[in-house]
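The values are calculated or read from the model by the stated rules, or taken from the named source; none is laboratory data. Quick caveat: nothing in here was measured; it's all calculated off a predicted structure. Cβ: placed from backbone, ideal geometry, glycine included. Neighbour counts: every protein chain shown. Keep in mind that these areas ignore ligands, DNA and RNA; they rest on the heavy atoms of the full protein, side chains included. Shrake-Rupley method; radii C 1.70, N 1.55, O 1.52, S 1.80 Å.
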Amino acid sequence: MSGVKKKKGLSLSTQIFIALISGAILGVLIHYFMNDGYLKNTIIVEGVFYVIGQGFIRLMQMLVVPLVFCSLVCGSMAIGDTKTLGKVGVKTILFYIFTTAVAVCLALGVALMIDPGIGVNIDVVETADVVTKTDQSFVEIILDIIPKNPIQAMAEGDMLPIIVFALFVGIMLAKLGSSASTVANFFSQFNDIMMEMTMAIMKVAPIGVFALIARTFANIGFSAFLPMLKYMGCVIFALVLQCFGVYQILLFVFTRLNPIKFLKKFFPVMTFAFTTATSNSTIPISIDTLDRKIGVSKQISSFTIPLGATINMDGTSIMQGVAVIFISQVYGIDLSMADLLTVVATATLASIGTAGVPSVGLVTLAMVLSSVGLPTEGIALIMGIDRILDMMRTAVNITGDAVCTTIVAYQSKALDKEVFYKGE
Ligand code: ASP
């Protein structure tokens with residue numbers, strides 16, 4: 001760890017990459033070569049690794065609500081007129097829904113080709129108790145976008161109502177102009193403070209990433225994966241296609257920007273998402289990276305990134321698409337073409353309803369399974385190994401948000417190509 005910190009010349013991306021690999025190796029070594037006991041379990045894994053890892057996640061979470069609120073107020077105030085805001089909003093939402101639908105189709109296609117559930121022996125797969133609480137109705141979800149009490153929404157970290165309230169405040173500030181300049185200045189200065197804080201926290205990221213990944217591997221090792229390799233392979237393959245294929249093609253077609261450069265610059269954010277499995281906590285870092293390295297104006301990203309972290313979960317819907325096929329094959333239930341179309345629709349909706357925190361994708365999978373009459377108990381089959389897939393799909397989730405944001409920014413003339421082609 002200290003070695004990573006000392007090498008000052010290395011870029012943050014490289015430092016994080018080294019932390020990721022060395023943390024994973026250390027975790028695996030601890031899992032296989034250290035006997036269970038007080039030192040291993042209590043002191044190292046659930047002590048040092050846990051405290052450092054969780055401490056890092058909390059630092060990032062601490063930023064989310066104030067940063068989203070302030071930067072969104074500033075963003076909508078700067079855009080000012082509601083027509084442009086509306087255009088950006090509609091375009092973004094359509095884009096998010098489109099990429100999610102593509103993701104589910106891709107997942108279904110890959111899974112139907114590889115048949116991950118055929119020949120699986122249920123007895124060797126670790127199962128766990130299933131949580132299948134059905135969430136609120138669709139009508140309630142829509143109504144909940146309007147906060148009854150904005151302070152409560154902020155206290156609870158409810159993104160959509162926070163977004164709505166912040167947009168309103170920004171629009172009103174723009175309308176009032178100089179008569180509300182004190183408040184406008186307050187928000188823009190507070191916003192600067194939050195961005196500074198984000199940069200400071202990014203500096204300790206390699207240490208946080210190291211502890212998080214070491215703990216994960218020290219706990220799970222490889223053994224849980226073996227019977228599930230085919231299922232995992234399908235999910236990972238579809239995630240790779242979406243992340244490095246679909247997104248990069250879209251990025252190139254719409255903006256002509258170099259996809260490799262984009263990925264290189266965005267890599268640290270993907271690692272945060274990977275190690276924390278939490279889209280929400282990557283919001284500040286994503287906005288900051290898009291601004292400083294990719295050249296996307298915060299006016300756009302402060303709106304589209306939190307929105308995406310809340311409603312756009314392409315990686316999650318890929319897992320759900322593959323899981324549907326896997327579970328149907330394990331239980332020997334045939335799915336018709338109409339069923340598959342239903343899965344595309346419900347998995348897209350589930351992506352909107354999935355919160356950007358760990359494991360929620362498994363809970364909303366229940367809704368997708370029941371929509372085509374598959375047993376929700378099937379979730380127990382894939383629960384044991386979900387953590388590692390959760391990490392990967394979260395990285396894809398937030399890459400989707402960033403690609404879409406870059407495209408929308410480009411089309412709204414809010415992308416600085418000079419920044420994009422500078423450095424790294
Ligand atoms: N962990 C995912 C996220 O935060 C959600 C999920 O798929 O469980 O984006």
What number goes with the only condition from (1) closer than 23 Å to Tyr410 by Cβ; (2) modelled with pLDDT of 90 or more; (3) of a type in the set (S, T, N, Q) that Ser317 does not pass? (1)
Find the residue count for segment 309-359, including only residues that are near the ligand (Cβ under 10 Å from one of its atoms) and part of a loop (DSSP other than H, G, I, E, B). 8
Could you list, in sequence order, the residues of segment 67-88 that are open to solvent by 40 Å² or more (accessible area, probe 1.4 Å) and farther than 13 Å from Gly170 by Cβ? Lys83, Lys87
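If a residue counts only when it is closer than 29 Å to Ser11 by Cβ, among the acidic types (Asp, Glu) and at pLDDT below 95, which helices (runs of 4 or more DSSP H) contained entirely in segment 135-214 have at least 1 such residues?
Numbers: elements: 138-143, 150-156, 159-176, 181-203.
Output list reads 181-203.
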Just wondering, is there one or more residues in segment 282-292 that are within 16 Å of the ligand (Cβ to nearest atom), open to solvent by 10 Å² or more (accessible area, probe 1.4 Å) and not β-branched (Val, Ile, Thr)? no
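Going by the conditions given, is Arg292 among the charged types (D, E, K, R), touching a helix residue (DSSP H, G or I) at 6+ places or on another chain (Cβ under 6 Å) and either more than 21 Å from Leu362 (Cβ to Cβ) or in a helix (DSSP H, G or I) (or both)?
Against the criterion (among the charged types (D, E, K, R), touching a helix residue (DSSP H, G or I) at 6+ places or on another chain (Cβ under 6 Å) and either more than 21 Å from Leu362 (Cβ to Cβ) or in a helix (DSSP H, G or I) (or both)), Arg292 does not qualify.
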Quick check, is Tyr32 surrounded by fewer than 13 Cβ atoms within 10 Å (Cβ to Cβ) and either in contact with a strand residue (DSSP E or B) (Cβ under 7 Å, 6 or more places away or on another chain) or in contact (Cβ under 8 Å) with a residue 24 or more places away in the chain (or both)? yes
Looking at this structure, is Val246 modelled with pLDDT of 95 or more and open to solvent by 20 Å² or more (accessible area, probe 1.4 Å)? yes
Based on this model, can you work out whether Tyr410 counts as in contact with a strand residue (DSSP E or B) (Cβ under 9 Å, 6 or more places away or on another chain) and under 16 Å from Leu251 (Cβ atoms)? yes
Considering only segment 188-196, I want to know if a residue exists there that is open to solvent by less than 70 Å² (accessible area, probe 1.4 Å) and over 18 Å from Gln61 (Cα atoms). yes
